[in-house]
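For reference, the structure is listed below as structure tokens.
The values are calculated or read from the model by the stated rules, or taken from the named source; none is laboratory data. Predicted, not measured: the structure shown is a model, and the values here were computed from it. Virtual Cβ from ideal backbone geometry, glycine too; neighbours counted across all protein chains shown.
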Amino acid sequence: MNDAIGGGPAARSARARGDLPIEAWSPRTRRIRSLLAALAIATFATACRSPAPDAVMRGVRLAVDEARAGRMLEDYLARSADRESLRGAARVALAGPDFKLNRPQNVVVARPARLRFEVVGLFDQLAAVLVSDGESYGFYDASSGEMVHGAVTPDLLWRLAMVDLGVGETVGLLLGAPRPPERGVRAAVWREEGDRLGIAFTRLRPHRRADCPPAPESGWLDPACFGEPADLAAGGEAFVFDAGGRLVELRAFEADAVLRYRARFADYVPLPDGERTVEFPLVLTIESPGVESEARFAWKRVMLGGEVADRLFQLPDGGRRW
């Protein structure tokens, strides 16, 4: 996108003209330059405060402090706050322009960014293991016996698991309980077809009012901290809930509403989580338009909560499974 900036005949010509001192410009040139500068400033200001992206907000706009949205969000945040870990087995289907994989996997995840993927091959043999404790990772390839260690990078899961998300993002999605951006603020609310309710958050606080509390969740729940739809022009995340308050879609987008990924949650069932029963989505589909990939997790067995041993996020000893 930026390859053409500063290059090409037009750019070189513009620089050549810019080398002339202002005193050498004719009065007509000065007037034109002043007009262009004024237009540029106006355009920049408009771009900085452009409306919220329609590609993200698909429906009827509501007030950002709409009461039903507030109750639904508070309930979701309370339900998702204690969702810390998961162990289970899933059929994982990965697809992209030049790859396709559909294999059973054993999965362990724990907040904030610990995960373990075990790919199961033919005859229930271990084919590969990817582990991460949030800072470092290990990868084991059973076909070669090779073990690789390294530091976690933003593209780790794309390189080794064909999932175009960060480790922490993936953990939240697999738990069925992603959280809004920690430093973000609620900036828009809307109603979609099927009585679905959308709530969008900025990734960072666009401004700080004196009466806005410093706690991370204040930007999500406290009207004193709320932003406005135009703040989403720089990017953010949109949480979409069904009429029953279940999260059915999460849209993460960059500036100008460029969709980074869309996560869809379906087939909710009641599951025990400690001393309570919660609803959990048995199907998670993650679409990444930028790399034309899709990852689908269909859970066959899930256990929520409980202590998760640190050894699960280390490379197996001789291919030992958990």
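Restricting the first residue to the stretch 132-144 and requiring it to be surrounded by fewer than 15 Cβ atoms within 10 Å (Cβ to Cβ), which pairs with a second residue that is part of a loop (DSSP other than H, G, I, E, B) and β-branched (Val, Ile, Thr) meet a Cβ separation below 9 Å and a spacing of at least six or different chains?
Qualifying pairs under 9 Å: GLU135/VAL152; SER136/VAL152.
Any chance you could count how many residues in the stretch 195-226 are assigned to a strand (DSSP E or B) and either of a type outside the set (Val, Ile, Thr) or surrounded by fewer than 11 Cβ atoms within 10 Å (Cβ to Cβ) (or both)?
Restricting attention to the stretch 195-226, the residues satisfying the condition of being assigned to a strand (DSSP E or B) are 196-202.
From the residues that got through so far, the ones that are either of a type outside the set (Val, Ile, Thr) or surrounded by fewer than 11 Cβ atoms within 10 Å (Cβ to Cβ) (or both) too are 196-198, 200-201.
The number of residues fulfilling the criteria is 5.
Filter the stretch 253-286 down to the residues that are touching a residue at least 24 places away in the same chain (Cβ under 8 Å), hydrophobic (A, V, I, L, M, F, W, C) and closer than 16 Å to VAL171 by Cα and list them by number.
ALA263, PHE265, PHE280, LEU284, ILE286
Could you check the stretch 76-118 and list, in sequence order, the residues that are of a type in the set (Gly, Ala, Ser) and either buried (at least 21 other Cβ atoms within 10 Å of the Cβ) or part of a strand (DSSP E or B) (or both)?
Looking only at the stretch 76-118, we keep the residues that are of a type in the set (Gly, Ala, Ser), and these are 78, 80-81, 85, 88-90, 93, 95-96, 110, 113.
Matches in the stretch 76-118: SER85, GLY88, ALA89, ALA90, ALA93, ALA95, GLY96, ALA110.
Taking LEU173, is it in a helix (DSSP H, G or I), of a type in the set (A, V, I, L, M, F, W, C), modelled with pLDDT under 95 and touching a strand residue (DSSP E or B) at 6+ places or on another chain (Cβ under 6 Å)? Quick ask: steps written out before the conclusion?
Working: in a helix (DSSP H, G or I): yes; of a type in the set (A, V, I, L, M, F, W, C): yes; modelled with pLDDT under 95: no; touching a strand residue (DSSP E or B) at 6+ places or on another chain (Cβ under 6 Å): yes.
For LEU173, the condition - in a helix (DSSP H, G or I), of a type in the set (A, V, I, L, M, F, W, C), modelled with pLDDT under 95 and touching a strand residue (DSSP E or B) at 6+ places or on another chain (Cβ under 6 Å) - is not met.
Can you tell me which residue among ALA255, ALA215, ALA200, ALA210 is within 21 Å of VAL60 (Cα to Cα) and of a type outside the set (Lys, Arg)? Break it down into steps so the answer makes sense when it comes.
Numbers: ALA255 fails: within 21 Å of VAL60 (Cα to Cα); ALA215 fails: within 21 Å of VAL60 (Cα to Cα); ALA210 fails: within 21 Å of VAL60 (Cα to Cα).
Testing whether each residue is within 21 Å of VAL60 (Cα to Cα) and of a type outside the set (Lys, Arg) leaves just ALA200.
Report whether or not TYR268 is of a type in the set (Ser, Thr, Tyr), assigned to a strand (DSSP E or B), modelled with pLDDT of 90 or more and farther than 20 Å from ARG58 by Cβ. Write out each step before concluding.
Working: of a type in the set (Ser, Thr, Tyr): yes; assigned to a strand (DSSP E or B): yes; modelled with pLDDT of 90 or more: yes; farther than 20 Å from ARG58 by Cβ: yes.
Taking the combined requirement at face value, the residue satisfies it.
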